[in-house]
Amino acid sequence: MSVTPLRVAHQRPRRDPVAAERAAAAFLVALGIDLDTDSLAETPARMARAYAELLTPREFRLTTFDNDEGYDELVLARAIPIRSVCEHHLLPFVGVAHVGYLPGERILGLSKLARVVELFAHGPQVQERLTKQVADWLTTHLDPRGVGVVIEAEHLCMTLRGVRAGGATTITSTLLGTLRDDARSRAEFFTLAGVGPR
């Protein structure tokens, strides 16, 4: 069995933690928050570090293997945790992704399904784009017969502000290849993902 590793990382933007901390302090003061207390004095630094963490994906090695056994059924990872930041309000959205594929000549190290989700979840995002990016990336790098991605998430920009629709979740899906074109494969994917046929 041959293994094909590929190091994966987005180009990391130049970061200035000191400027980020100053900007966080100015932002909080502009909103009337008094930073001259013991509990708030370090908040700008914590805030800058928190957003840096939310916006920075980890590098990983994409590992694929020859599909020696000719496995041709669905491979699905359910309920992969997602945390991202809405690009419109910079508030988090959190939820789960269900990611599956129908193997071609290569199969993927299972943990890499979660790593690909994390790769695109970091950074300012919208759920629709995130769903499509994961599916497109797997199609490009794995060349499977089909790919399916469903994301279910709660957006704090919708539950904490504005309409304040607490508990509302948004579901997005992208299906490619056989999972889009074949009704039975499509239904199997949605059933195994636990979201019912579409």
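For region 64-91, filtered to residues that are crowded, with 17+ Cβ neighbours inside 10 Å and not hydrophobic (A, V, I, L, M, F, W, C), the residue that is nearest to VAL195 (Cα to Cα) is SER84. Checked against (1) surrounded by fewer than 19 Cβ atoms within 10 Å (Cβ to Cβ); (2) more than 30 Å from ARG14 (Cα to Cα), GLY123 passes all but condition (2). Of all residues in region 155-198, those being modelled with pLDDT of 90 or more, among the hydroxyl-bearing types (Ser, Thr, Tyr) and assigned to a helix (DSSP H, G or I) number 3.
The values are calculated or read from the model by the stated rules, or taken from the named source; none is laboratory data. Note that the coordinates shown come from a computational prediction; the quantities given were computed from them, not determined experimentally. Cβ coordinates were reconstructed from backbone atoms using ideal geometry, including for glycine residues, and neighbour counts include every protein chain displayed.
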